[in-house]
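Read the structure below first, then the notes.
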Amino acid sequence: GFAPFTKNTEGSTCEAIMFFEAFGTHFMEQVNGKYVITLDKEKAIEAILFYKRLMQYAPPGANDMGHSERIAAFSDGKVFSMFQWPGIIPTHENEDESLVAGKIIYTAPPAGPARRAAVRGCWILGIPKASKNVEAAAEFAYWLNSHDAGKKLAEDGMTPVRTDLLTDPELLAKSPWYQGMAESGLFAVSRPNRVTYYPEISEKIKVNWLAAVTGAVDPETAVDNMISQVQELLDKYEK
């Protein structure tokens, strides 16, 4: 079985972007400093149709699955595969909460017709323009992202992002899924989240993606709506 993301969450946007990429099309790209939609409609429809086929192997209630439903289905052994957020993995490996603890294999997503693709997160360290301590803030950011600080944080339960930490033998002994994360990073793509209005873009992507994969509208209509609605946002903000 397969555990899809079918509730209105950021996970749905991530899966849409990931499947588009796996089928060979980028949703958006920057051209001369501005975002433009570059989604290939035919490939996007193929991605949606494939996702719908995967949903045939999902458990009952597949059209209404968010984080909690996916976690429960996988931890109860009702599905054998899904794409998961690293921060949730310890729940699956907790023997008090999961029937599959210690039995899970972690890998990068399998390849689509065009490529393998995973999606990066969007947590960042930022310095406000109004800051009066820019140099000190930058120094702190460098320290926080250092190997030594990262290893200490990982030992205290925070998920690392550095490859040298994800492949650290001591950390892998405790968190073997880090190897799968490191592998996924080789194929990871970004969401178009470098703009302040990204939440609005995400909403248009996931609402139309979900409408298509759950059968509320046909894939072609969903892709047309997705493109036109995001284009309206670009026309509004990318001036």
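Does the stretch 187-199 contain any residue that is aromatic (Phe, Trp, Tyr), assigned to a loop (DSSP other than H, G, I, E, B) and closer than 24 Å to Met65 by Cα?
Within the stretch 187-199, not a single residue is aromatic (Phe, Trp, Tyr), assigned to a loop (DSSP other than H, G, I, E, B) and closer than 24 Å to Met65 by Cα.
What about Gly24, is it on the phi > 0 side of the Ramachandran plot, surrounded by 12 or more Cβ atoms within 10 Å (Cβ to Cβ), over 16 Å from the mean Cα position of the chain (by Cα) and in a loop (DSSP other than H, G, I, E, B)?
Taking the combined requirement at face value, the residue satisfies it.
Taking the residues in the stretch 200-226 that are in a helix (DSSP H, G or I) and of a type in the set (Gly, Ala, Ser) as candidates, determine which candidate is farthest from the chain's Cα centre (by Cα).
The qualifying residue farthest from the chain's Cα centre (by Cα) is Ala222.
The conditions are (1) in contact (Cβ under 8 Å) with a residue 40 or more places away in the chain; (2) within 20 Å of the chain's Cα centre (by Cα); (3) loosely packed, with under 15 Cβ neighbours inside 10 Å, and Ala62 fails exactly one of them. Which is it?
Single failed check for Ala62: (3).
Can you report the number of residues in the stretch 32-57 which are surrounded by fewer than 15 Cβ atoms within 10 Å (Cβ to Cβ), assigned to a loop (DSSP other than H, G, I, E, B) and touching a residue at least 60 places away in the same chain (Cβ under 8 Å)?
Summing the residues that are surrounded by fewer than 15 Cβ atoms within 10 Å (Cβ to Cβ), assigned to a loop (DSSP other than H, G, I, E, B) and touching a residue at least 60 places away in the same chain (Cβ under 8 Å) in the stretch 32-57 gives 0.
Hey, could you check the stretch 31-54 for residues that are more than 16 Å from Thr13 (Cα to Cα) and in contact with a strand residue (DSSP E or B) (Cβ under 7 Å, 6 or more places away or on another chain) and say which is modelled with the lowest pLDDT?
Selected residue: Tyr35.
Under 6 Å between Cβ atoms, at least 6 apart or on separate chains: pull out the pairs that start in the stretch 16-31 with a residue that is under 10 Å from Val119 (Cβ atoms) and touching a residue at least 60 places away in the same chain (Cβ under 8 Å) and end on any residue that is among the basic types (Lys, Arg) and outside any strand (DSSP E or B).
Note: pairs meeting the criteria are Ile17/Arg191.
Go through the stretch 147-194 and give me each residue that's small (Gly, Ala, Ser) and over 27 Å from His26 (Cα atoms).
Of everything in the stretch 147-194, those that are small (Gly, Ala, Ser) and over 27 Å from His26 (Cα atoms) turn out to be Ala149, Gly150, Ala154, Gly157, Ala173, Ser175.
Whether any residue in the stretch 202-216 is outside the structural domain of Met65 (by TED's automatic domain parsing), free of Cβ contacts under 8 Å to residues at least 24 places away in the same chain and more than 29 Å from Thr91 (Cβ to Cβ) is what I want to check.
Checking the stretch 202-216: not a single residue is outside the structural domain of Met65 (by TED's automatic domain parsing), free of Cβ contacts under 8 Å to residues at least 24 places away in the same chain and more than 29 Å from Thr91 (Cβ to Cβ).
Taking the stretch 181-195 as the search range and keeping residues that are in contact (Cβ under 8 Å) with a residue 40 or more places away in the chain and of a type in the set (A, V, I, L, M), which one is nearest to Lys103 (Cα to Cα)?
Step by step, filter the stretch 181-195, then rank; the result is Met181.
Within the stretch 9-34, how many residues turn out to be of a type outside the set (Asp, Glu) and closer than 16 Å to Ala108 by Cβ?
Qualifying residue count, the stretch 9-34: 5.
Does Ala114 satisfy the condition of being out of contact with any strand residue (DSSP E or B) (no Cβ under 8 Å at 6 or more places or on another chain), outside any helix (DSSP H, G or I), closer than 19 Å to Ser175 by Cα and modelled with pLDDT of 95 or more?
no
Out of the residues in the stretch 131-180 meeting the condition of being in contact (Cβ under 8 Å) with a residue 40 or more places away in the chain and part of a helix (DSSP H, G or I), tell me which one is surrounded by the fewest Cβ atoms within 10 Å (Cβ to Cβ).
Gln179
What's the number of the only condition in (1) under 19 Å from the mean Cα position of the chain (by Cα); (2) surrounded by fewer than 17 Cβ atoms within 10 Å (Cβ to Cβ); (3) free of Cβ contacts under 8 Å to residues at least 24 places away in the same chain that Ile71 fails to meet?
Against the list (1) under 19 Å from the mean Cα position of the chain (by Cα); (2) surrounded by fewer than 17 Cβ atoms within 10 Å (Cβ to Cβ); (3) free of Cβ contacts under 8 Å to residues at least 24 places away in the same chain, Ile71 comes up short only on (2).
Can you tell me which residue in the stretch 95-130 is surrounded by the fewest Cβ atoms within 10 Å (Cβ to Cβ), limited to those that are among the β-branched types (Val, Ile, Thr) and within 16 Å of the chain's Cα centre (by Cα)?
Going through the qualifying residues, I end up with Ile124.
The values are calculated or read from the model by the stated rules, or taken from the named source; none is laboratory data. None of these values were measured; they are calculated from a predicted model. Neighbour counts run over all protein chains shown; Cβ positions are idealised from the backbone, glycine included.
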